[in-house]
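Asker: Below you will find the structure I want to go over with you.
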Amino acid sequence: VLNRYIVTVLIFFVFTNWVSSNSLSSPYKLRRTLHALQQDKAYYIEEIKKNRIQLERLNDPVYLEKVGRENYLMKRDNEDIFIFKQ
């Protein structure tokens with residue numbers, strides 16, 4: 001009689017820990033996932049702030065010309081561009 005109870009408890013323990021979706025390790029995995037997602041959220045919020053600032057600065061024609069010249073190698077009609085590679 002004692003062996004049936006032990007086997008039943010062992011089967012229940014195995015089922016709840018490895019087979020079931022509500023295992024004992026599930027909350028820890030979910031906490032790690034939540035922490036990673038919160039870090040991603042903070043990173044993307046900072047990126048959105050930086051992009052908004054840059055977008056507002058693009059309304060300034062002087063800054064727009066600077067970005068075009070530095071990042072996209074744009075020039076005026078009467079200018080030449082020299083690129084030096086190291």
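The values are calculated or read from the model by the stated rules, or taken from the named source; none is laboratory data. Bear in mind the structure is a predicted one, so any value in this text is a computation, not a measurement. Methodologically, a virtual Cβ is constructed for each residue, glycine included, from the backbone with ideal geometry; neighbour enumeration extends over all protein chains shown. When the accessible area is computed, the model is the full protein with side chains, heavy atoms only, and any ligands, DNA or RNA have been set aside. Shrake-Rupley method; radii C 1.70, N 1.55, O 1.52, S 1.80 Å.
Asker: If you go through segment 40-76 one residue at a time, how many are of a type in the set (A, V, I, L, M, F, W, C) and within 16 Å of the chain's Cα centre (by Cα)?
Answerer: The number of residues fulfilling the criteria is 3.
Asker: Something else: Just to be sure I understand the filter: pairs with C-beta atoms under 8 Å, separated by 6 or more residues or on different chains, first member in segment 65-83 and on the phi < 0 side of the Ramachandran plot and among the charged types (D, E, K, R), second member outside any loop (DSSP other than H, G, I, E, B) and surrounded by 10 or more Cβ atoms within 10 Å (Cβ to Cβ). Which pairs pass?
Answerer: 75/69
Asker: Kindly list, by first and then second residue, each pair from a residue in segment 2-17 that is modelled with pLDDT of 80 or more to a residue that is open to solvent by 100 Å² or more (accessible area, probe 1.4 Å) and among the aliphatic types (A, V, I, L, M), limited to pairs with Cβ atoms under 9 Å and residues at least 6 apart or on different chains.
Answerer: none
Asker: Something else: If we keep just the residues of segment 27-36 that are modelled with pLDDT under 95 and not charged (D, E, K, R), which is most open to solvent (accessible area, probe 1.4 Å)?
Answerer: So, considering only residues that are modelled with pLDDT under 95 and not charged (D, E, K, R), the one most open to solvent (accessible area, probe 1.4 Å) is 28.
Asker: Another question about this same structure. Going by the structure shown, is residue 39 part of a helix (DSSP H, G or I), open to solvent by 100 Å² or more (accessible area, probe 1.4 Å) and polar (S, T, N, Q)? Reasoning before the result, please.
Answerer: Details: part of a helix (DSSP H, G or I): yes; open to solvent by 100 Å² or more (accessible area, probe 1.4 Å): yes; polar (S, T, N, Q): yes.
Judged against the criteria, residue 39 is a match.
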